[in-house]
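Notes for the one structure printed next.
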Amino acid sequence: MSEQTIDKQNVPEQLSDILLVLDKEKKKIQAVKSIDENGKMVTVDPDKKNQSQFMHVDKSGDFFSNFFSNFLSQLKNPTNFSFFKVPAPIAIDMANEMQKQVDKPTHEGEKVMKEHEVKTETKQDSKQENQNNMETTSQTTPETSEYRFKPEQIDWETMNNLGLGKERLEKMNLLDPLLKGYKTNELVPVSVNLDGAIVRTDARLSLQTNQEGKVVAAVHGIRKEPNLNFEFFGHKFTDEDKKNLLDSGNMGRVVDLKNTKTGEMMPSIISVDRLTNELVALRTDFIKIPDEIKGVKLDDAQKQTLMEGKPLQLEGMISKKGTEFDATVQFNADKRYVEFMFDRSNTNQQAQGNKQTEGTQQSQSKEQGQSQEAPKSFRGKELDNEQYNKFKDGQTIYISGLVDKKGKEYNGYITYNKESGKTGFEFPNQYKERTQPTEAHKTQTAVNSEGKTNEATKNLKEPLQKGQQTPKDKKQQEQQEKPKAPAKSKARKM
């Protein structure tokens, strides 16, 4: 597969449309954001600061028709609204023009409104007809509004030649994301038969429509490094662009890319697929910035920074463990979400340094024939001499008076692992559960190890299993209930 062929597979997404709505009671034009779980429409003002929140819809006719039918079926009181579908790049300007028409109607403005209006052809004549329509809509939803491709559209003969049959893709849980239009989030082994010569490689996959209209697999193979020395859809990378892409995987700015089919210029951001080193572009229309990241609410300036593909330093975020942390975040065109950024080169150097240090420490430990010294305190609590002597020998000791982050005291047991040099902690209930067997375990130990008799299992031939106190199955039950044969006499025959 040539460099040029692979690059063509990464054409940024085609223009999408924005759904505008007129609330007939409030006489106001808004941009649709979503529908909440109660069937209430969520809208935002159609201005630049809210642009990232606009609902984008596929512009193709059949796809949109099915989407819109499903949209209305979820919406309460759809007759209270009029809907309009407008191209994303001019959505804000169109919303302003429509609002002028609502405020001061003109003949020309009415034409514009009708041109973009979406007809709500839901059947309202009877409840039964409306119910039937909604049932039909719900049945077609998975294939029309959620998925971009259908299984029957795929050229399975070609897929089988790549070693990617339907059953295999389903078994690997890859078919569903492919049908939704996503790239696989992992590398997949691919086999290609070239006149009897089998070529095997790892690649990410996606589905695309070829010139004949067939849905085929696009194979995104692994490259040694991103190709930054040639133009990428009309964009020539600057030295700073190259540095950013190699260091962080994101270029860090918006540039105009040229659609090779239509000649259209498309504002886009560019990132590197870190699994394959392939360049990936995403139109700014499809960038969606969240309102909040790890507990930090973003203001308009911060959202705009991320919309422009730039890195953003955030402070005071809260991790899953409840600890506060700071980090740089940036929107990634390949992943299509805001990611946490780490300096890959520094991270690699640090990892190598840690590995060398670790190896040196292990080597020194082997040469000296000794393990690391046990710590003389645990979580700020000093050990007395008696505790420390037992602790460093690997014995479990009880420690009290520990204080947590909220100032509350707690107690527990600690054990020192000489091999790893780490200290294990157990709360009293955990330690008791581990060291003191339950009544069921006591029975097992008494019968199997101490030769004692348990009345409920005294006739069983097999040793008791873990926690067993009674016959475990029908066979053992029969053994237990079978009367014991009388002992034979030991008297000698005269």
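Derivation of every value follows stated rules applied to the coordinates shown; laboratory data play no part. Just so we're clear, the structure is a prediction, and the values are computed from it rather than from any experiment. Virtual Cβ from ideal backbone geometry, glycine too; neighbours counted across all protein chains shown.
Things to note:
- Point-to-point label distance, residue 23-residue 482, nm (Cα→Cβ direction, 7 Å offset): 8.3
- Evaluated at q = 0.13 Å⁻¹: base-10 log I(q)/I(0), Debye formula over Cα of segment 371-435: -0.34
- Annotation: peptides 310-319, 175-184, ranked by per-residue average of other Cβ atoms within 10 Å with the highest first, follow the order 175-184, 310-319.
- The distance from the alpha carbon centre of segment 275-302 to that of segment 148-180 is 29 Å, rounded to a whole number.
- Ordering of 415-427, 267-279 by packing [mean C-beta count within 10 Å, highest first]: 267-279, 415-427
- In this structure, the residue pairs whose Cα-Cα separation is over 28 Å, taken from 114/261; 40/85; 183/236; 214/335; 100/297, are 114/261; 100/297.
- Solvent-free Debye calculation, one equal scatterer per alpha-carbon of segment 239-344: log10 I(q)/I(0) at 0.18, 0.22 Å⁻¹ equals -0.89, -1.20.
- Shape call, segment 149-221: gyration tensor on alpha carbons, a/c limit 1.5: oblate
- Here segment 371-435 is treated with +1 on each Lys and Arg Cβ and -1 on each Asp and Glu Cβ, and its dipole about the Cα centre works out to around 220 debye.
- Order of 191, 206 - criterion: other Cβ atoms within 10 Å of each residue's Cβ, fewest first: 191, 206
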